[in-house]
1. Taking a threshold of 26 Å on the Cα-Cα distance, which of the pairs K38/K61; K57/K365; K90/K317; K57/K182 fall above it?
2. Treat region 2-202 as a sphere of radius equal to its Kirkwood radius over Cα pairs and apply Stokes-Einstein at 4 °C in a medium of 1.567 mPa s; give the translational diffusion coefficient in µm²/s, rounded to a whole number.
3. Taking the chain as a Gaussian network, where each spring joins two C-alpha atoms under 10 Å apart, which residue of T133, T294, T205 fluctuates the most?
4. State which entries of K35/K368; K315/K364; K35/K351 exceed 27 angstrom in Cα-Cα distance in the structure shown.
5. Students often get this wrong, so check it: of K327/K381; K183/K270; K221/K290; K63/K140; K114/K193, which have C-alpha atoms separated by over 21 Å?
6. Give the carbon-plus-sulfur fraction of the accessible surface of region 2-202 in %, rounded to a whole number; probe 1.4 Å, heavy atoms of protein chains only.
7. I'd like to check one number: the per residue accessible area of the chain, probe 1.4 Å, reported in Å² as a whole number.
8. Suppose the chain between S206 and T294 were pulled fully straight at 0.36 nm per residue; how much longer would it get relative to their current alpha carbon spacing?
Amino acid sequence: MNIGIVGTGYVGLVTGVCLSAIGHTVYCVDNDREKIKKLRRGIATIYEPGLQELMTKQTKKKKLFFCETIKEAAKCSQVIFIAVGTPSKKNGDADLTYVENVARQIALSMDSYKLIVEKSTVPAETGKRIEHTIKLNLPKKFNGRNRSLSFDVASNPEFLREGSAIADFMNPDRVVIGVESKKAEELLKEIYKPLKTRVIVTNITSAEIIKHASNSFLATKISFANALSQICDRVGADILKVTEGMGYDKRIGPSFLNAGIGFGGSCFPKDVDAFIRLSEKSGYEFNLLKAVRTTNEEQKAAFIRLIEDKLWIIKGKTIGVLGLAFKPNTDDMRNAPSVDIIERLQAEGAKIKAYDPQAMENAKKVFKGMTFCNDMYGAAKGSDCLLVLTEWDEFRKVDFKKLRGVMRQPVVFDGRNLYKNDNLVELGFEYFGIGRGKV
Ligand code: NAD
């Protein structure tokens, strides 16, 4: 099938590359000219394991193209996915400006039947608004009795995770499609047929809610584990043993029960906010989700309090940081917990030296007055303490003896419990994890 993808960010580019890899011909479009130029030169604009190689392969096969305008992509495609950003407004609502813009441009480019699929995460009823926008902006030749038959709108939320996006796309737990017509259902089922996966068919609004509900539930699990970690620290229990004991219960499961410095990234915080707002507007106060958000903020504050308590004086101290990205295997810095934590410590007068395997280029756009180092030991050199803020695999392989040798004070605050099994105390460090007992 010929498919257009509007937006070549973390979701759009991965979706485009993967749909082409499973047999479709894909036309990716972005209004960021620089991105398209780079992609046309064969360079992946984001870091995602395996993406560069697959992208190169598919472009060489002439199954993947990059376009500057929606018109170009729409001309070649029967199905068009919208994968643009839906950031938070100040009040927590999802800002759908980009989605509306794209819907209008698709309408203006339409010359035959199109299926327009929302892949971006959007609040319930966005599908209806997209449909309305398209109807209002259709070229004049579509006026008349066939007007409403010239297109369908569908919802196909994305569940991939940055850092394992290709594997997630290729082996999904399920594909959700929200449709209002048989034709839309058949087209989407055809697209995903090569994945041989379970397809859940609903109406558009239910599909939209499934995405918000899934992300909110996962965020709830994380906040639950983080709240438990606070209790563990106070009563002398070990969060790792507690969540292990819980996770073996099939009704609970072990995933998303890792206590740490709180969730971040471009999805969970904004999707939780948007779901709270959507509930409010529908007349329901989602107090449970509000508590999830508060617990998340509190977790970062508790980590800073721990550092303040154990380090005593922050002003003038040199703090080494391992990991800046919001999670490992990505270069994405959006809403990374590292930002709040580092900015707070800088405000108190700390000097920060940091290293991240992939996110430094993006981090340079976020942080001011910070020293970026070439490796872990560079970040640790001369530091009064070391913070682990992202659990990159590379950090697991650290030589602790060497690390201790370069640090001014051997103190580690492990915000991800990465060194949980390494017994750093025996190696001569003061070690503070999250929820590991009395601190
Ligand atoms: P992103 O910011 O990385 O990418 C969005 C892209 O859309 C950008 O390249 C931007 O230039 C482009 N764009 C904006 N307006 C455009 C226009 N008018 N025409 C063409 N291109 C335009 O965002 P993302 O992380 O890929 O997220 C996209 C959507 O997918 C969001 O709604 C997000 O919530 C959802 N989502 C994200 C993830 C994730 O892990 N990042 C996972 C599932 C769902």
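1. From K38/K61; K57/K365; K90/K317; K57/K182, over 26 Å: K57/K365; K90/K317; K57/K182.
2. The estimated diffusion coefficient comes to 76 µm²/s.
3. T294
4. The answer is K35/K351.
5. Going by Cα-Cα distance, K327/K381; K183/K270; K63/K140 fall outside the 21 Å limit.
6. 49 percent
7. 46 Å²
8. Gain on extension, S206 to T294, equals 29.0 nm.
The values are calculated or read from the model by the stated rules, or taken from the named source; none is laboratory data. Just so it is clear, the model here is predicted, and its values are computed rather than measured. Positions of Cβ are backbone-derived with ideal geometry, glycine not excepted, and every protein chain shown enters the neighbour counts. With ligands, DNA and RNA removed, areas are computed over all heavy atoms of the protein, side chains included. Shrake-Rupley method; radii C 1.70, N 1.55, O 1.52, S 1.80 Å.
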